[in-house]
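First the structure, in the form of structure tokens, and then the observations on it.
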Amino acid sequence: MDLATHFEGARWRKANGSDSGGCVEVAYANGLIGVRDTKDGGRGPILAYTEHEWKVFLAGVAAGEFTIDQLSA
């Protein structure tokens with residue numbers, strides 16, 4: 001699957017607190033959530049996740065499973 005084509009026309013969003021050089025963007029298209037690096041200006045690779053994968057990830061974030069301390073341990 002060509003992910004660039006899959007996400008063509010999708011609305012990409014980034015966190016309000018992000019700056020011009022340090023954030024990722026996410027978009028939803030046809031049952032997949034795409035993640036890309038903001039600084040690539042839409043030219044870089046897209047990682048895609050199913051709705052289930054994304055929901056499980058967000059639950060882990062909310063539970064504190066992906067804090068810097070947890071990741072660096």
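What follows is calculated from the coordinates using simple rules that are stated; it is not laboratory data. It should be emphasised that the depicted structure is a prediction, and the values quoted were computed from it without experimental measurement.
Report relative contact order for the chain in percent, whole number only (criteria: Cα-Cα under 8 Å, sequence separation at least 6).
Values: 80 pairs, mean separation 15.0, N = 73.
Relative contact order for the chain comes out at 21 percent.
Rg (Å, one decimal) plus Dmax (Å, integer) for the alpha carbons of the chain?
My reading of the Cα-based Rg and Dmax gives 13.3, 39 Å.
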